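The values are calculated or read from the model by the stated rules, or taken from the named source; none is laboratory data. Just so you know, these numbers come straight off a predicted model, no measurement behind them. Methodologically, a virtual Cβ is constructed for each residue, glycine included, from the backbone with ideal geometry; neighbour enumeration extends over all protein chains shown. Surface areas here come from the heavy atoms of the whole protein model, side chains and all, with no ligands, DNA or RNA. Shrake-Rupley method; radii C 1.70, N 1.55, O 1.52, S 1.80 Å.
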Amino acid sequence: MEQGKRKVQAKNLTKRFGELLVLDDISFDVMEGEFLCIVGPTGCGKTTFLNCLTKLYDITNGEILVDGAPINCKKNNISYILQESSAMEWLTVEQNIQFGLGIKRMPAGMKKERTEEMLELVGLTEYRNYYPKQLSISMLQRTVIARAFATYPELLLMDEPYGQLDLDLRFRLEDELVKLWQKTGTTVIFITHNVEEAVYLGERIMVLTNKPTKVKKIISCNLPRPRDVADERFVEMRNEVTELIRWW
Amino acid sequence: MKKRESLRKSVWTIISLVTLFLIWYLGSRNEELGRLMPDPVEVLKFIAAGFVAPIGKKLLWEHILWSLSRVLIGYVLACIVGILLGFAASWFKVGEAVIRPFYLLLRSIPSLAWIPLAILWFGIGEKSKYFIIFITAVMIIMTNVMDGVKAVSPELLGVARMLGTKEKQLFVRVVLPCAVPQIFNGLQVAVGSAWAAVLAAEMVRSSEGVGWIILAGQSSMNMVQIFAGIVVIGMIGLLLALLIRAAERRLCAWNVRGK
């Protein structure tokens, strides 16, 4: 943690909705290439944090920096995956996946290569020419995940992305996420309420308190990969995080 | 399965139309009701005869073309202005502040109320007719364009921004395609209303058009002619709506295909 560059810095982040204090003076750093999982009780403001980071909400106080400056989506290569599907309904699966690549003006050859790779990854090759209205919720979410991965983002923000998927697919995409992370050295902020998922994925796990939200604890999680959910140390760590969430 | 279902639907449609026709026919035979409603066969005969012998000064299809051309001019103007103003009043904050109050003031004024003003401003020629049709359609189109833009989810915009979409691109690549189905909905409702407003428009002195057929029928107490005008207006309105829907199906396949 000492070495490396700070990728994301949250400084005294505070967010109020009118009288309601949601985020209460939160500060933390995310290092470049790090995989940070954020867990916390439901409705504790996990999504609010991401919405502040992505400027969907105005911040009441404090600041969030990416590479030492306010977030700049044209310069930084960022992908954002939401809880609900954010597929573009007027584009086919294939065109959805290419949206970010097109915006970033990737050369045609690379665009094609990435599209094939991503279609393969999420298992939608057969459905490439379908429109979102013709797909199931799980397929929609896979489309969105493929769109986010396709740009090989330097910062990947994920807000309970796998909540809608069946277990089988979730496990596979968790592994794929780890692979993508290892391969591209991307920085990942992954929000979940699933403790096991957090321990399986994260290098550090940030536990948040109930509203008004503060950082309860940040735990380093350096179990070897690939991780085994039945491993003794894994279970130990999972229990530790569960305890932290239970006793706020 | 699907084929059979659509066949069953069309059978029911035909049954309902035939029933309506029968009720109308039998009703007109009744002495009391017969004074209020002409025999539908007479009405159809009148319509058929209108294609060969002139009603007033013109043949029926000429009346239809006159009315259609009026509607077309008013409607196309309304489409251009309505879509532009609708976008300006919903996507741009300043546009919203400037345009919206006028929109709110004007939208609940019925098209009939514009007739006196239309005459004062544009005289009794064609321009006042275009204006009445225009003002009817433009409000409907604006409403739908604005609703369509407002319905674009902030999350979707956020995701697109995160992927690096510039504000200018955002409109073309996200807002516009997202709003298209709602805009089409507006265009479809508006074409119906614009066509219906043809009667109001032709009340401003005219000697041709399907609205005129009805008005002339009223002044000569010719009930068959009035009904013939109503039937023709209804049929053309239906055709126009079908036309727009066919265009939508081609242009927004993504919105129809899944259903």
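Some notes on this structure:
- Top of A:120, A:196, A:94 by mean-square fluctuation, Gaussian network on chain A, Cα under 10 Å: A:120
- Amide H contacts under 5 Å for residue A:213, placed H, 5+ residues apart: A:23, A:24
- Relative to one another, the C-alpha centroids of segment B:180-239 and segment A:86-107 are positioned 45 Å apart.
- Each of B:220, B:91, B:118 was placed along the dipole of segment B:39-251 (beta-carbon charges, centred on the mean Cα), and the one lying farthest toward the positive end is B:91.
- Based on Cα contacts under 8 Å between residues 6+ apart, chain A shows a relative contact order of 26 percent.
- Amide proton proximity set for residue A:35, modelled H, under 5 Å, gap of 5+: A:188, A:203, A:204
- Near residue B:202, once Lys and Arg are set to +1 and Asp and Glu to -1 for all other residues with Cβ below 9 Å from its Cβ, the sum equals +2.
- FRET efficiency for the pair residue A:134 and residue A:183, taken as 1/(1 + (r/R0)^6) with r the Cβ-Cβ distance and R0 = 35 Å, rounds to 0.65.
- Considering only B:235, B:162, B:203, the mean-square fluctuation computed in a Gaussian network model of chain B, springs between alpha carbons under 10 angstrom, is largest for B:162.
- Cβ-placed point charges (K, R +1; D, E -1), dipole of segment B:1-84 about Cα centre in debye, nearest 20: 440 debye
- Heavy-atom accessible surface of chain B, averaged per residue, reaches 56 Å², computed with a 1.4 Å probe.
- Extending 7 Å from the Cα toward the beta-carbon at both residue B:12 and residue B:231 defines two label points whose distance is 2.6 nm.
- Largest mean-square fluctuation among A:187, A:209, A:60, in a Gaussian network model of chain A whose springs join Cα atoms under 10 Å apart, belongs to A:60.
- Relative to the dominant Cα principal axis of chain B, helix B:223-251 is inclined by about 30°.
- Charge tally around residue B:99: other residues with Cβ under 13 Å, Lys/Arg +1 each, Asp/Glu -1 each, net +2.
- Phi-based couplings in Hz for segment B:180-194 (Karplus 6.51, -1.76, 1.60; Gly and Pro marked x): 4, x, 5, 5, 4, 4, x, 4, 5, 4, 5, 5, x, 5, 4
- Between segment B:49-125 and segment A:135-203, the alpha-carbon center distance in angstrom: 53 Å
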